[in-house]
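A short write-up of the structure that comes next.
Just so it is clear, none of the values below were taken in a lab; they were calculated from the coordinates. This is a predicted model, so every value here is computed, not measured. With ideal geometry, Cβ positions are generated from the backbone for all residues, glycine too; neighbour counts draw on all protein chains shown.
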Amino acid sequence: MTVRRLSAGLMAAALLTPGLAACAPTGDGTTGPTATPSATATPTGAAGDADAKQALLDSTREISNGNFRFRMSGAGSTAEGQVHQPSQSAQMQVSIGEPTDDLAMTLDLIHATPDSWVKLDLKGAAASSVPGRDRLNLGKYQHLDQTRIQGNRNLGFDFEKVDPAGSAVLTQAITEVRRTGDGAYAGTIDLSKAAEAGSLDQGMITALGAQANSVPFTATTDAQGRLTEMVLQIPGTSEAANQEIRVTYSDYGNATAAQKPPADQVVEAPPELYNLFD
């Protein structure tokens with residue numbers, strides 16, 4: 001496994017980056033404020049189905065307020081943490097790869113506007129071959145240069161796009177949905193129309209081919225109609241087995257401000273760190 005594959009492939013699978021819950025593509029290809037979702041955007045046929053889709057579209061609105069906890073898992077990786085828009089802060093812990101892999105890593109990312117830090121731990125037999133490993137595995141937080149991480153899908157965070165999974169984008173790509181119980185839904189999503197979601201990887205969508213047009217999902221909402229879980233059942237391809245992408249949200253309105261690391265536990269990030277995640 002190469003370092004570049006670890007950063008570009010597994011990082012995407014780890015669902016690390018903020019999605020586009022608060023922004024959506026405009027007609028000219030740029031991004032702007034998301035309009036109030038409409039169930040007529042993707043007709044589902046029966047009136048009951050349309051109602052179900054509208055309920056799921058509405059379920060993502062609270063996420064855009066940026067005060068929640070989340071957990072995402074997929075492809076042997078996990079990411080969990082909290083977003084606290086009132087303090088312009090967020091924190092997440094990411095685990096990429098399995099203990100038995102040649103190369104795996106864990107990251108503790110903290111964002112508190114205008115600063116960001118990451119603590120990195122590289123593991124596995126191949127970790128010693130990572131350039132600058134002795135400057136990366138320090139057991140300390142590395143202060144990040146915002147000009148180097150702006151727009152970086154792995155290290156950056158945009159408080160105008162606060163959803164790590166991009167669930168608003170996913171729900172807008174629903175092609176069929178039905179209620180299966182109180183606050184429970186099942187249906188299909190066209191992933192080719194949701195490539196901007198932070199929980200997806202364009203390479204995976206391309207590999208799926210026509211299968212990407214109708215991927216099964218389930219979702220649940222709480223008593224207030226807010227999204228609590230979405231699970232995508234990704235079919236297998238010639239390159240990968242079946243997999244499950246699971247996203248959960250909790251503690252709406254009750255997240256807390258991320259704590260900045262103590263000054264004696266901080267060093268400036270070396271060039272090797274940015275190179276690792278290019």
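Segment Ala223..Gln146, full-extension length gain: 23.8 nm, with 0.36 nm per residue of separation and the alpha-carbon distance subtracted. As a length-normalised measure over Cα pairs under 8 Å and 6 or more apart, the relative contact order of the range 202-248 settles at 29 percent. Here the gap between Gln202 and Asp108, fully extended at 0.36 nm per residue and compared with their Cα-Cα distance, gives a gain of 31.4 nm.
Given their separation in residues at 0.36 nm each and the Cα-Cα distance between them, Leu138 and Glu160 gain 4.8 nm when the chain is fully extended.
Once amide H atoms are placed 1.01 Å from N in the peptide plane, what residues at a sequence separation of 5 or more from Val162, or on another chain, have their amide H within under 5 Å of its amide H? Here Ala21, Ala22 satisfy the definition.
In sequence order, the range 217-225 has phi-based couplings of 9, 10, 8, 9, 10, 8, 5, 8, x Hz under the Karplus curve 6.51 cos²θ - 1.76 cosθ + 1.60, θ = phi - 60°, and Gly or Pro positions carry x.
Projecting the Cα atoms of Leu208, Gly187, Pro261 onto the charge dipole of the range 186-278 (Cβ charges, centred on the Cα centre) puts Gly187 farthest toward the positive pole.
The relative contact order of the range 110-164 comes to 34 percent, based on Cα pairs under 8 Å that sit 6 or more residues apart. Under 23 Å of direct C-alpha separation, and excluding same-chain neighbours fewer than eight residues apart, Lys260 reaches these lysines: Lys119, Lys140, Lys161. Amide H to amide H distances under 5 Å link Thr175 with Thr188, Ile189, Asp190, where only residues 5 or more positions off or on other chains count and H is placed in the peptide plane. Straight-line reach from Lys53: which aspartates and glutamates fall under 19 Å, measuring Cα to Cα and dropping same-chain residues less than 8 apart? Those aspartates and glutamates meeting the cut-off are Glu62, Glu176, Asp182, Asp190, Asp222, Glu229. Where a ≥ b ≥ c are the square roots of the eigenvalues of the C-alpha gyration tensor, would you call the range 138-278 rounded, which needs a/c under 1.5, or, failing that, prolate if a/b is larger than b/c, or oblate? Note, shape of the range 138-278 comes out oblate. Name all residues of the range 103-127 having a backbone nitrogen under 13 Å from the label point set 7 Å from the Cα of Lys260 along its Cα→Cβ direction, giving them as ranges. 111-117, by backbone N distance to the label point.
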